[in-house]
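The structure appears below as structure tokens.
The values are calculated or read from the model by the stated rules, or taken from the named source; none is laboratory data. This structure is a prediction, so every number in the text was calculated from the model and none was measured. Glycine gets a Cβ as well: all are built from the backbone with ideal geometry, and neighbour counts include every protein chain shown.
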Amino acid sequence: MIPQSTINEAIRRLVKAYNPLQIYLCGDYAWGSPNEESSFDLLLIVESSNERVIKRGYLAFEALLGLGIPHNVVVFTKEEFDKYAQDQKSNTYEIKTRGKILYARD
């Protein structure tokens, strides 16, 4: 299990790096069944980006370096998130409906 203090530090670093609109927790930690092998799965929503989705996570890798936690971070624009979250069969829909919001910009 990842200590709450480490989770808080991860969120702080990601907010500093991305200035996201929201950060969702998903996967085992959100669904309530984490174990020692669970990764810390996050979906960040940013206003816009000119980068491809696959490349947007590189900054998260750098931001979380040294925390010693296994993680997966996906970064969507608000437009992408809203579009994908409409498909009830998508992971994005599940994250929107079952995920936990760890951060929301005022």
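Would region 66-88 turn up any residue that is over 15 Å from the mean Cα position of the chain (by Cα), among the acidic types (Asp, Glu), at pLDDT 95 or above and more than 21 Å from residue 106 (Cβ to Cβ)?
yes
I'm trying to understand the selection: among the residues of region 42-54, which are modelled with pLDDT under 95 and either hydrophobic (A, V, I, L, M, F, W, C) or part of a helix (DSSP H, G or I) (or both)?
Selection gives 53, 54.
Suppose we filter region 55-77 for residues that are surrounded by 12 or more Cβ atoms within 10 Å (Cβ to Cβ), of a type outside the set (D, E, K, R) and not in a loop (DSSP other than H, G, I, E, B); how many remain?
Here the count works out to 12.
Can you tell which of 80, 9 is touching a residue at least 24 places away in the same chain (Cβ under 8 Å), charged (D, E, K, R) and surrounded by 16 or more Cβ atoms within 10 Å (Cβ to Cβ)? Spell out how you get there, then give the answer.
On the way: 9 fails: surrounded by 16 or more Cβ atoms within 10 Å (Cβ to Cβ).
None of the other options fit; the residue is 80.
Could you check, for region 41-52, whether at least one of its residues is within 20 Å of residue 4 (Cβ to Cβ), among the acidic types (Asp, Glu) and crowded, with 20+ Cβ neighbours inside 10 Å? Spell out the reasoning first.
Residues of region 41-52 that are within 20 Å of residue 4 (Cβ to Cβ), as a first pass: 41-44.
The next check asks that each one be among the acidic types (Asp, Glu); those that pass are 41.
Filter once more, so that each one left must be crowded, with 20+ Cβ neighbours inside 10 Å: 41.
Looking for residues that are within 20 Å of residue 4 (Cβ to Cβ), among the acidic types (Asp, Glu) and crowded, with 20+ Cβ neighbours inside 10 Å, one finds at least one in region 41-52, hence yes.
Considering only region 92-106, state which residues are in a helix (DSSP H, G or I), surrounded by 11 or more Cβ atoms within 10 Å (Cβ to Cβ) and either free of Cβ contacts under 8 Å to residues at least 60 places away in the same chain or in contact with a helix residue (DSSP H, G or I) (Cβ under 7 Å, 6 or more places away or on another chain) (or both).
Answer for region 92-106, where residues must be in a helix (DSSP H, G or I), surrounded by 11 or more Cβ atoms within 10 Å (Cβ to Cβ) and either free of Cβ contacts under 8 Å to residues at least 60 places away in the same chain or in contact with a helix residue (DSSP H, G or I) (Cβ under 7 Å, 6 or more places away or on another chain) (or both): 92, 93, 98.
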